[in-house]
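First up is the structure itself, then whatever we jot down about it.
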Amino acid sequence: MGLAKRIIPCLDVDNGRVVKGVKFVDIRDAGDPVEVARNYDRQGADEITFLDITASSDDRETIVHVVEDVASEVFIPLTVGGGIRTVDDVRRMLMAGADKVGVNTAAVFNPDFVAEAADKVGSQCIVVAIDAKSVHQPGEAPRWEIFTHGGRKPTGLDAVEWAAKMNALGAGEILLTSMNCDGTKSGFDLALTRAISDAVSIPVIASGGVGNLDHLCDGVLQGGADAVLAASIFHFGEYTVEQAKQRMQERGIEVRL
Amino acid sequence: MQRIAVIDYGMGNLRSVSKALEHVVDADCEIRVTSDQALIADSDRVVCPGQGAANDCMRQLAACGMDAAVRQAISDGRPFLGICMGLQVLLTASEENGGTPCLDILAGQVKRFSHGMRDAATGNLLKVPHMGWSPVAHAGKHALWADIPSQARFYFCHSYYVVPDADDLAVGQCEYGQSFAAVLAKDNIFACQFHPEKSARDGLQLLANFAQWSPSSQH
């Protein structure tokens, strides 16, 4: 036995509440981050990621309290992303009980921020989120570009080169989301996942496009991902984390059961 | 009523450690997150967590006098739990940051995982940090293993690992490209590379065992 591949449910949190309609039958309040996190812990989730989508900066403090509340009751690793721009933001999340902090746009506009944050709090705490979109034409060699602002703004940065650069600057992990696949339920962009995974020496979390349990397996087996992140297939009760792990095990992937 | 001190030297996520302890101890047990030497000296048990780089950890320990507090707690024979960097700082020296002298309470070195390690079974490249859930094999009996099966998975997050001079200090072994010591134990010290406070049921069990451990009467 060795290191298990991880399954990470991702929760969108807006102003302290879980949104995007979590539909568990067995919890009282599907908007309560603590209840939802506890439920995923019981199902055997290996980590939980919170993405803070609170629009108003005045309300950003609420995510700190969410992290404090969850970290007081759920004893598995927690990652928080969204709106992280300074080393102080990183520290505040860690002090609240997060284990890792996801940085995205801030890294694109100021890559040295990754180096500074990794230097101050340790690489293991810094997850660089990469939103990439396929930009090659049919017949061309594959190429993916980094996009910001929910996939609307191109940056001109090559995703594979960027991932390697983030690795070199001290990122501890890459959270890779395919903007082409996100929301499609057609599976991860496996070529992208494989290209990034082969380009870096740090773990890669595949995200975006999961529609069934075999998609999770493909991300690991074909994409080379170290962990797989999904939201809707778990939130809507289509599958439990436990079922996902059983499927992964059937396909020869080592998981924590 | 017992008191457990969680040493605060400004390195890492102490809230998770204190909350996990609160979750498993009796209601009348006091958990103190502190950098006050007097409070630590007055506690029944001491936990030393820690994250970050070795040189920063050693500098911070010394800056708040916590190196002395660690030595005192250990020489007093009080149960001492080191977690992650709280394990590594006990060794003689670390390779990190171009070589960092540590507390030298347990003789041995802290080394970095090498690049290009491959999984023996699958041939896949092993990423560093070693991040996630790996099984820990018991290498000898210990009171803190009570109700925890050998090969239970714990959450790891590290790029460096400990190599004690004396093999028999390792009471837990883990495989990541090679076999390494996941837990060192000696007398009243139990120090683990993994994070019990983030390791779900088995991690909480280990913390509960620590809160009841009497090193003098059982080992």
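The values are calculated or read from the model by the stated rules, or taken from the named source; none is laboratory data. Predicted model only: the values in this text are computed from it and were never measured. Ideal geometry is used to build each Cβ from the backbone, glycine not excepted, and the neighbour counts take in all protein chains shown. Accessible surface areas use protein heavy atoms only, side chains included; no ligands, DNA or RNA. Shrake-Rupley method; radii C 1.70, N 1.55, O 1.52, S 1.80 Å.
Computed on protein heavy atoms with a 1.4 Å probe, what is the summed buried accessible area for the chain pair A and B, in Å² to the nearest 100? In total, this chain pair buries about 2800 Å².
In terms of its C-alpha gyration tensor, the stretch A:6-250 has an oblate overall shape, because the principal axis ratio a/c (a ≥ b ≥ c, square roots of the eigenvalues) is not below 1.5 and a/b does not outweigh b/c. Write down the percent of antiparallel bridges among all DSSP beta bridges whose residues are both part of the protein assembly as shown, to the nearest 5. Bridges in the protein assembly as shown are about 40 percent antiparallel.
Taking every protein chain into account, the accessible area of the stretch B:3-212 amounts to 35 square angstrom per residue (probe 1.4 Å).
Under a model in which nothing but the beta-carbon of Lys, Arg (+1) and Asp, Glu (-1) is charged, chain B shows a dipole of about 480 debye around its Cα centre. Counting Cβ atoms of other protein chains within 10 Å of each residue's Cβ and taking the mean over peptide B:49-60 gives 2. The residue among B:GLY123, B:ALA54, B:TYR160 whose Cα reaches farthest toward the positive pole of the charge dipole of chain B, with charges on the beta-carbon of Lys, Arg, Asp and Glu, is B:GLY123. Close amide H pairs (under 5 Å, H built 1.01 Å from N) link B:GLY140 with no residue at least 5 positions away or on another chain. Legend: mean number of C-beta atoms from other chains within 10 angstrom of residue C-beta atoms, peptide B:118-131, equals 5. On the protein heavy atoms, probe 1.4 angstrom, tell me the percent of accessible surface of the stretch B:99-219 carried by carbon and sulfur. That share works out to 47 percent. Across the protein chains, with a 1.4 Å probe defining accessible surface, the residues A:ARG251, B:ARG153, A:ARG91 rank A:ARG91, A:ARG251, B:ARG153 from largest area downward.
Applying a threshold of 32 Å to the alpha-carbon distances of A:LYS153/B:LYS111; A:LYS5/A:LYS185; A:LYS165/B:LYS111; A:LYS133/B:LYS19; A:LYS133/B:LYS127 flags A:LYS153/B:LYS111; A:LYS133/B:LYS19 as lying beyond it.
Averaged over the residues of B:198-206, the number of partner chain Cβ atoms lying within 10 Å of the residue Cβ comes to 3.
Is the protein assembly as shown best put as rounded, prolate or oblate by its Cα gyration tensor, with a ≥ b ≥ c the root eigenvalues, rounded for a/c under 1.5, and otherwise prolate when a/b is larger than b/c, oblate when not? Because a/c hits 1.5 or more and a/b exceeds b/c, the protein assembly as shown counts as prolate. Derived scalar couplings between HN and Hα for the stretch B:185-195 equal 9, 7, 6, 8, 9, 9, 9, 10, 6, 7, 10 Hz in order, rounded to whole Hz, by the Karplus curve 6.51 cos²θ - 1.76 cosθ + 1.60 (θ = phi - 60°), x for Gly and Pro. Ordered from longest to shortest, the equivalent ellipsoid semi-axes for chain B are 26, 20, 16 Å, each the square root of 5 times a Cα gyration tensor eigenvalue. Dipole orientation for the stretch A:6-250: of the candidates A:ALA129, A:GLY31, A:GLY16, A:ALA129 has the Cα lying most toward the positive pole (charges on Cβ; Lys, Arg +1; Asp, Glu -1). This model, with +1 at the C-beta of Lys and Arg and -1 at the C-beta of Asp and Glu, gives the protein assembly as shown a dipole about its Cα centre of some 600 debye. Put +1 on the Cβ of each Lys and Arg and -1 on the Cβ of each Asp and Glu in chain B; which of B:PRO135, B:CYS64, B:ALA27 then has its Cα farthest toward the positive end of the dipole? It is B:PRO135.
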